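Quick notes on the structure that follows.
Here, each number is a calculation from the coordinates, and none is a lab measurement. Everything quoted here is computed from the prediction, not taken from an experiment. Methodologically, a virtual Cβ is constructed for each residue, glycine included, from the backbone with ideal geometry; neighbour enumeration extends over all protein chains shown.
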Amino acid sequence: MILHVPGNAMLVLVGPSGAGKSTFAARNFLPTQILSSDAMRAVVADDPNDQSATDAAFSLLHVALGLRLAGGRLSVVDATNVEDWARRNLLAIARRQGRPASALVFALPLETCLERNAGRADRRLPERAIRRQHRLMVRSLGSLAAEGFDPVWTLESPRQANAVRVKSV
């Protein structure tokens, strides 16, 4: 499957930790196009896992997103984005800049996300956090289009996620 994404759009990756969002982003986009919450935590706190830096990291991510979209640059938001208030903030930035907003949902099985998380050496989250993120992602599946994302694509397996390619148009 090929996803056609406008070159001036915001693409929001949605899914729990361990779903493969960052791996997918690194495989399909330039490093400069990816706005990662983990990378922003590293910028503000020298540690991508420092959850106490989350508010500052997202402030930085929102500023960078606004600047990239103002310049007509494709911007991929790599964070869990499973909560509606977080997506509303991103959509507001895209709307202010008059840019299209699409979402790519990594609706992989919970077991896959838990296994991947358990295998991480660098940033393992508590299992309850992944379960919560997965639950919120599942709840959001039916509302993303109504929120303003167009199109919304959903990936339901690691195989499907590995087969997808992105074409900027």
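Tabulated data for the structure shown
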{"quantity": "Among 79, 121, 70, residue whose mean-square fluctuation peaks in a GNM of the chain (springs only between Cα atoms under 10 Å)", "calculated": "121"}
{"quantity": "Volume per residue of the C-alpha convex hull in segment 1-132, rounded to whole Å³", "calculated": "110 Å³"}
{"quantity": "Cut-off 9 Å between beta-carbons: net charge of the residues surrounding residue 79, Lys and Arg +1, Asp and Glu -1", "calculated": "-1"}
{"quantity": "Hydrodynamic radius by Kirkwood, which averages 1/r over all alpha carbon pairs of segment 30-69, in angstrom", "calculated": "9.9 Å"}
{"quantity": "Within a Gaussian network of the chain (alpha carbon springs, distance under 10 Å), most fluctuating of 66, 142, 18", "calculated": "142"}
{"quantity": "Relative contact order (%) - criterion: Cα under 8 Å, at least six apart; region: the chain", "calculated": "38 percent"}
{"quantity": "Added length on full extension, which subtracts the Cα-Cα distance from 0.36 nm per residue, residue 85 to residue 52", "calculated": "10.0 nm"}
{"quantity": "Estimated vicinal HN-Hα couplings, Hz - segment 69-78 in sequence order (Karplus 6.51, -1.76, 1.60; Gly, Pro = x)", "calculated": "5, 4, x, x, 9, 4, 9, 9, 8, 9"}
{"quantity": "GNM flexibility winner over the chain from 94, 19, 146 (Cα, springs under 10 Å)", "calculated": "146"}
{"quantity": "Structure-based [θ]222 nm, the chain - -39500 (n - 2.57) summed over DSSP H runs of at least 4, per residue, nearest 500", "calculated": "-14000 deg cm²/dmol"}
